[in-house]
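The values are calculated or read from the model by the stated rules, or taken from the named source; none is laboratory data. Keep in mind that what you see is a predicted model, and the values were worked out from it rather than measured. Every residue, glycine as well, gets a Cβ built from its backbone with ideal geometry; the counts of neighbours run over all protein chains shown.
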Amino acid sequence: MSNLTPISARKLLQKAMAMEDQEALYSGDLGFMGRGMILATLPHRDPKVNEFTRNNGTYSLTIMAPSAIGLPYGSYARLLLAWISTEAVRTKSRELVLGRSMSEFMGQLGLLPTGGRWGTIPQLKKQMTRLFRASFSCAYTDADRVAGVNMQVVRAFDLWWEPKTPDQPCLFESTISLNEDFFAEITNRPVPIDMRALEALKGSSLALDIYFWSTFRVSYLKRETMIPWESLQGQFGSEYADTKQGRYGFKRNFLAQLVKVQVAYPDLHCSDGEHGLILAPSRTSISRRPPSGG
(Lines give C-alpha, C1' and ligand atoms only; values in the text may rest on other atoms or scores of the structure.)
Protein backbone atom coordinates (compact mmCIF):
# COMPACT_ATOMS: atom_id res chain seq x y z
CA MET A 1 0.00 0.00 0.00
CA SER A 2 3.05 2.24 -0.12
CA ASN A 3 3.51 4.86 -2.83
CA LEU A 4 6.78 6.30 -1.46
CA THR A 5 9.56 6.88 -3.96
CA PRO A 6 13.05 5.65 -2.93
CA ILE A 7 14.18 9.24 -2.31
CA SER A 8 11.18 10.26 -0.19
CA ALA A 9 11.32 6.99 1.74
CA ARG A 10 15.02 7.51 2.48
CA LYS A 11 14.40 11.06 3.74
CA LEU A 12 11.59 9.87 5.99
CA LEU A 13 13.75 7.07 7.40
CA GLN A 14 16.61 9.48 8.10
CA LYS A 15 14.30 11.79 10.02
CA ALA A 16 12.76 8.85 11.89
CA MET A 17 16.21 7.57 12.93
CA ALA A 18 17.14 11.03 14.21
CA MET A 19 13.91 11.14 16.20
CA GLU A 20 14.74 7.76 17.76
CA ASP A 21 18.14 9.04 18.88
CA GLN A 22 16.68 11.71 21.11
CA GLU A 23 13.02 12.07 21.94
CA ALA A 24 11.23 15.37 21.46
CA LEU A 25 10.55 15.81 25.16
CA TYR A 26 14.29 16.14 25.79
CA SER A 27 15.54 17.50 22.46
CA GLY A 28 13.64 20.78 22.43
CA ASP A 29 11.26 19.60 19.68
CA LEU A 30 8.19 19.18 21.85
CA GLY A 31 5.19 20.90 20.32
CA PHE A 32 1.45 21.09 20.88
CA MET A 33 -1.77 21.15 18.92
CA GLY A 34 -5.24 22.17 20.07
CA ARG A 35 -7.55 19.14 20.18
CA GLY A 36 -10.41 21.03 18.53
CA MET A 37 -8.29 21.23 15.36
CA ILE A 38 -7.51 17.51 15.60
CA LEU A 39 -11.02 16.17 16.10
CA ALA A 40 -12.09 17.86 12.86
CA THR A 41 -9.68 19.31 10.34
CA LEU A 42 -9.16 22.07 7.81
CA PRO A 43 -9.68 21.45 4.09
CA HIS A 44 -6.87 19.66 2.27
CA ARG A 45 -7.39 21.61 -0.95
CA ASP A 46 -8.86 25.01 -1.70
CA PRO A 47 -12.63 24.43 -1.42
CA LYS A 48 -13.35 27.53 -3.55
CA VAL A 49 -16.14 28.52 -1.15
CA ASN A 50 -16.22 30.70 1.96
CA GLU A 51 -17.77 28.12 4.32
CA PHE A 52 -16.56 24.60 5.12
CA THR A 53 -17.66 22.01 7.70
CA ARG A 54 -16.04 18.85 9.03
CA ASN A 55 -17.92 16.40 11.26
CA ASN A 56 -16.64 13.86 13.77
CA GLY A 57 -19.54 12.19 15.55
CA THR A 58 -21.18 14.80 17.76
CA TYR A 59 -18.43 17.34 17.10
CA SER A 60 -18.36 19.68 14.12
CA LEU A 61 -15.97 22.38 12.98
CA THR A 62 -17.22 25.07 10.61
CA ILE A 63 -14.80 27.56 9.07
CA MET A 64 -15.94 30.77 7.39
CA ALA A 65 -13.97 33.45 5.58
CA PRO A 66 -14.54 36.60 3.54
CA SER A 67 -15.27 35.54 -0.03
CA ALA A 68 -12.52 37.82 -1.34
CA ILE A 69 -9.95 36.12 0.94
CA GLY A 70 -10.85 32.42 0.98
CA LEU A 71 -10.47 29.61 3.49
CA PRO A 72 -7.18 28.30 4.92
CA TYR A 73 -6.22 24.86 3.66
CA GLY A 74 -3.34 22.44 3.14
CA SER A 75 -0.09 21.77 4.98
CA TYR A 76 1.00 25.37 5.55
CA ALA A 77 -2.17 26.24 7.47
CA ARG A 78 -1.62 23.20 9.70
CA LEU A 79 2.04 24.07 10.29
CA LEU A 80 0.95 27.58 11.28
CA LEU A 81 -1.65 26.24 13.73
CA ALA A 82 0.92 23.89 15.27
CA TRP A 83 3.46 26.71 15.67
CA ILE A 84 0.84 29.03 17.18
CA SER A 85 -0.38 26.35 19.59
CA THR A 86 3.17 25.46 20.62
CA GLU A 87 4.18 29.08 21.23
CA ALA A 88 0.98 29.80 23.16
CA VAL A 89 1.60 26.84 25.48
CA ARG A 90 5.32 27.63 25.81
CA THR A 91 4.98 31.35 26.51
CA LYS A 92 1.56 31.24 28.24
CA SER A 93 0.84 34.46 26.37
CA ARG A 94 -1.65 35.56 23.73
CA GLU A 95 0.95 37.94 22.28
CA LEU A 96 3.30 36.00 19.99
CA VAL A 97 6.42 37.27 18.22
CA LEU A 98 7.04 35.80 14.76
CA GLY A 99 10.46 37.39 14.27
CA ARG A 100 12.16 40.19 12.35
CA SER A 101 12.51 38.35 9.03
CA MET A 102 10.32 36.02 7.01
CA SER A 103 13.19 33.54 6.60
CA GLU A 104 13.58 33.34 10.37
CA PHE A 105 9.93 32.49 10.83
CA MET A 106 9.84 30.04 7.92
CA GLY A 107 12.79 28.22 9.45
CA GLN A 108 10.70 27.62 12.56
CA LEU A 109 8.09 25.95 10.33
CA GLY A 110 10.70 23.81 8.58
CA LEU A 111 10.28 25.69 5.29
CA LEU A 112 12.92 27.02 2.92
CA PRO A 113 12.03 30.43 1.43
CA THR A 114 11.50 30.28 -2.34
CA GLY A 115 9.83 32.80 -4.63
CA GLY A 116 7.79 32.51 -7.78
CA ARG A 117 4.10 31.81 -8.20
CA TRP A 118 4.26 28.40 -6.51
CA GLY A 119 7.12 29.18 -4.13
CA THR A 120 6.92 28.74 -0.38
CA ILE A 121 6.91 32.49 0.32
CA PRO A 122 3.68 33.41 -1.56
CA GLN A 123 2.00 30.17 -0.47
CA LEU A 124 2.76 30.79 3.21
CA LYS A 125 1.73 34.45 2.95
CA LYS A 126 -1.60 33.39 1.43
CA GLN A 127 -2.30 30.83 4.15
CA MET A 128 -1.37 33.28 6.90
CA THR A 129 -3.81 35.84 5.48
CA ARG A 130 -6.56 33.25 5.16
CA LEU A 131 -6.01 31.76 8.61
CA PHE A 132 -5.84 35.14 10.34
CA ARG A 133 -9.03 36.36 8.62
CA ALA A 134 -11.11 33.19 9.09
CA SER A 135 -13.76 32.50 11.73
CA PHE A 136 -14.17 29.13 13.44
CA SER A 137 -17.31 27.63 14.96
CA CYS A 138 -16.89 24.52 17.13
CA ALA A 139 -20.03 22.70 18.26
CA TYR A 140 -21.07 19.55 20.11
CA THR A 141 -24.57 18.26 19.35
CA ASP A 142 -26.42 15.29 20.83
CA ALA A 143 -30.04 14.41 21.60
CA ASP A 144 -30.11 16.48 24.79
CA ARG A 145 -27.77 19.39 24.26
CA VAL A 146 -26.09 21.70 21.79
CA ALA A 147 -22.97 23.59 22.91
CA GLY A 148 -20.31 25.48 21.03
CA VAL A 149 -18.01 28.45 20.69
CA ASN A 150 -17.39 30.92 17.85
CA MET A 151 -13.95 32.43 17.52
CA GLN A 152 -11.15 33.69 15.32
CA VAL A 153 -7.53 32.59 15.57
CA VAL A 154 -6.13 36.09 16.02
CA ARG A 155 -7.56 39.31 17.39
CA ALA A 156 -4.92 41.39 15.62
CA PHE A 157 -1.82 40.84 13.50
CA ASP A 158 1.02 43.08 12.37
CA LEU A 159 3.37 41.65 9.72
CA TRP A 160 6.35 43.75 8.64
CA TRP A 161 8.05 41.27 6.32
CA GLU A 162 9.04 42.06 2.75
CA PRO A 163 8.53 38.84 0.72
CA LYS A 164 11.00 39.98 -1.96
CA THR A 165 13.79 40.16 0.64
CA PRO A 166 12.90 37.38 3.12
CA ASP A 167 16.34 37.36 4.76
CA GLN A 168 16.41 41.06 5.53
CA PRO A 169 15.54 41.92 9.16
CA CYS A 170 12.75 44.46 9.48
CA LEU A 171 12.80 47.49 11.73
CA PHE A 172 9.99 46.03 13.82
CA GLU A 173 9.14 42.45 14.75
CA SER A 174 6.06 40.84 13.24
CA THR A 175 3.50 39.89 15.88
CA ILE A 176 0.07 38.35 16.33
CA SER A 177 -2.37 38.71 19.20
CA LEU A 178 -4.47 35.59 19.71
CA ASN A 179 -8.20 35.70 20.23
CA GLU A 180 -8.99 34.98 23.88
CA ASP A 181 -11.34 32.07 23.12
CA PHE A 182 -8.89 30.51 20.67
CA PHE A 183 -6.06 30.86 23.19
CA ALA A 184 -8.18 29.05 25.78
CA GLU A 185 -9.04 26.32 23.24
CA ILE A 186 -5.44 25.53 22.29
CA THR A 187 -3.94 25.79 25.79
CA ASN A 188 -6.59 23.79 27.65
CA ARG A 189 -5.19 20.24 27.67
CA PRO A 190 -3.23 20.58 24.39
CA VAL A 191 -2.07 17.46 22.56
CA PRO A 192 1.74 16.93 22.71
CA ILE A 193 3.36 16.41 19.29
CA ASP A 194 6.87 15.98 17.93
CA MET A 195 7.76 18.95 15.73
CA ARG A 196 10.27 16.80 13.83
CA ALA A 197 7.40 14.57 12.71
CA LEU A 198 5.72 17.64 11.23
CA GLU A 199 8.85 18.47 9.27
CA ALA A 200 8.96 14.91 7.94
CA LEU A 201 5.26 14.87 6.99
CA LYS A 202 4.77 18.46 5.82
CA GLY A 203 4.43 17.36 2.19
CA SER A 204 0.93 16.00 2.86
CA SER A 205 -1.83 17.72 4.83
CA LEU A 206 -3.60 14.37 5.24
CA ALA A 207 -0.44 12.77 6.68
CA LEU A 208 -0.22 15.64 9.18
CA ASP A 209 -3.87 15.13 10.15
CA ILE A 210 -3.36 11.39 10.62
CA TYR A 211 -0.31 12.02 12.78
CA PHE A 212 -2.07 14.57 15.01
CA TRP A 213 -5.13 12.37 15.39
CA SER A 214 -3.33 9.05 15.96
CA THR A 215 -1.05 10.23 18.78
CA PHE A 216 -4.06 11.87 20.45
CA ARG A 217 -6.34 8.86 19.92
CA VAL A 218 -3.94 6.28 21.37
CA SER A 219 -3.39 8.47 24.46
CA TYR A 220 -6.69 7.16 25.84
CA LEU A 221 -7.08 3.91 23.89
CA LYS A 222 -7.49 0.92 26.24
CA ARG A 223 -8.10 -1.93 23.78
CA GLU A 224 -7.96 -2.70 20.08
CA THR A 225 -10.65 -0.72 18.26
CA MET A 226 -12.08 -0.74 14.74
CA ILE A 227 -12.88 2.71 13.35
CA PRO A 228 -15.17 2.54 10.29
CA TRP A 229 -13.84 3.99 7.05
CA GLU A 230 -17.03 6.02 6.69
CA SER A 231 -16.34 7.74 10.04
CA LEU A 232 -12.73 8.44 9.10
CA GLN A 233 -13.81 9.86 5.75
CA GLY A 234 -16.21 12.27 7.45
CA GLN A 235 -13.43 13.39 9.78
CA PHE A 236 -10.51 13.54 7.34
CA GLY A 237 -11.74 13.48 3.77
CA SER A 238 -15.21 14.82 3.24
CA GLU A 239 -14.09 16.25 -0.11
CA TYR A 240 -14.37 12.77 -1.61
CA ALA A 241 -17.67 12.05 -3.41
CA ASP A 242 -20.23 10.31 -1.20
CA THR A 243 -20.18 7.15 -3.28
CA LYS A 244 -18.71 3.68 -2.94
CA GLN A 245 -15.87 4.66 -5.28
CA GLY A 246 -15.36 7.84 -3.25
CA ARG A 247 -14.98 5.77 -0.10
CA TYR A 248 -12.45 3.50 -1.81
CA GLY A 249 -10.56 6.56 -3.05
CA PHE A 250 -10.38 7.97 0.46
CA LYS A 251 -9.27 4.63 1.91
CA ARG A 252 -6.48 4.24 -0.65
CA ASN A 253 -5.20 7.74 0.00
CA PHE A 254 -5.49 7.36 3.78
CA LEU A 255 -3.50 4.12 3.79
CA ALA A 256 -0.85 5.59 1.48
CA GLN A 257 -0.32 8.52 3.87
CA LEU A 258 -0.48 6.20 6.89
CA VAL A 259 2.67 4.48 5.60
CA LYS A 260 4.51 7.80 5.89
CA VAL A 261 3.07 8.47 9.34
CA GLN A 262 4.24 5.09 10.63
CA VAL A 263 7.78 5.82 9.43
CA ALA A 264 7.82 9.09 11.43
CA TYR A 265 5.83 7.53 14.29
CA PRO A 266 6.96 3.85 14.42
CA ASP A 267 5.26 3.15 17.77
CA LEU A 268 1.83 3.52 16.15
CA HIS A 269 0.18 0.08 15.88
CA CYS A 270 -2.67 -0.09 13.37
CA SER A 271 -3.73 -2.11 10.34
CA ASP A 272 -6.18 -2.17 7.48
CA GLY A 273 -9.41 -3.97 8.43
CA GLU A 274 -12.19 -5.06 6.10
CA HIS A 275 -14.57 -2.39 7.35
CA GLY A 276 -12.26 0.09 9.03
CA LEU A 277 -8.89 0.95 10.53
CA ILE A 278 -7.82 -1.39 13.34
CA LEU A 279 -6.14 0.76 15.99
CA ALA A 280 -4.26 -1.00 18.78
CA PRO A 281 -2.92 0.40 22.09
CA SER A 282 0.36 2.19 21.37
CA ARG A 283 2.82 4.59 22.92
CA THR A 284 2.02 8.19 22.09
CA SER A 285 4.39 10.03 19.80
CA ILE A 286 5.79 11.86 22.84
CA SER A 287 7.09 9.52 25.52
CA ARG A 288 7.29 10.42 29.19
CA ARG A 289 10.31 8.21 29.78
CA PRO A 290 13.89 9.59 29.58
CA PRO A 291 15.98 8.65 26.52
CA SER A 292 18.30 5.66 26.85
CA GLY A 293 21.49 6.56 28.58
CA GLY A 294 19.93 9.69 30.10
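For region 174-195, check the following and say yes or no: at least one residue is at pLDDT below 95, over 19 Å from the mean Cα position of the chain (by Cα) and either farther than 28 Å from residue 90 by Cα or crowded, with 18+ Cβ neighbours inside 10 Å (or both).
For region 174-195, residues at pLDDT below 95, over 19 Å from the mean Cα position of the chain (by Cα) and either farther than 28 Å from residue 90 by Cα or crowded, with 18+ Cβ neighbours inside 10 Å (or both): present.
Only one residue in 120, 141, 91 is closer than 20 Å to residue 172 by Cβ and either touching a helix residue (DSSP H, G or I) at 6+ places or on another chain (Cβ under 7 Å) or among the hydroxyl-bearing types (Ser, Thr, Tyr) (or both), so which one is that?
Details: 120 fails: closer than 20 Å to residue 172 by Cβ; 141 fails: closer than 20 Å to residue 172 by Cβ.
Just one listed residue meets the conditions, 91.
Is it the case that residue 71 is part of a loop (DSSP other than H, G, I, E, B) and at pLDDT 95 or above?
So residue 71 passes the test.
Quick one: residue 217 ticks every box in (1) more than 20 Å from the chain's Cα centre (by Cα); (2) of a type in the set (D, E, K, R); (3) surrounded by 14 or more Cβ atoms within 10 Å (Cβ to Cβ) bar one, so which box is it?
Going through (1) more than 20 Å from the chain's Cα centre (by Cα); (2) of a type in the set (D, E, K, R); (3) surrounded by 14 or more Cβ atoms within 10 Å (Cβ to Cβ) one by one, residue 217 breaks only (1).
Being surrounded by 17 or more Cβ atoms within 10 Å (Cβ to Cβ) and of a type in the set (Ser, Thr, Tyr) is true for just one of 120, 91, 129, 141. Which residue is that?
Details: 91 fails: surrounded by 17 or more Cβ atoms within 10 Å (Cβ to Cβ); 129 fails: surrounded by 17 or more Cβ atoms within 10 Å (Cβ to Cβ); 141 fails: surrounded by 17 or more Cβ atoms within 10 Å (Cβ to Cβ).
Checking each option against the conditions leaves just 120.
Out of the residues in region 24-62 that are under 15 Å from the mean Cα position of the chain (by Cα) and of a type in the set (Val, Ile, Thr), state the one that is surrounded by the fewest Cβ atoms within 10 Å (Cβ to Cβ).
38
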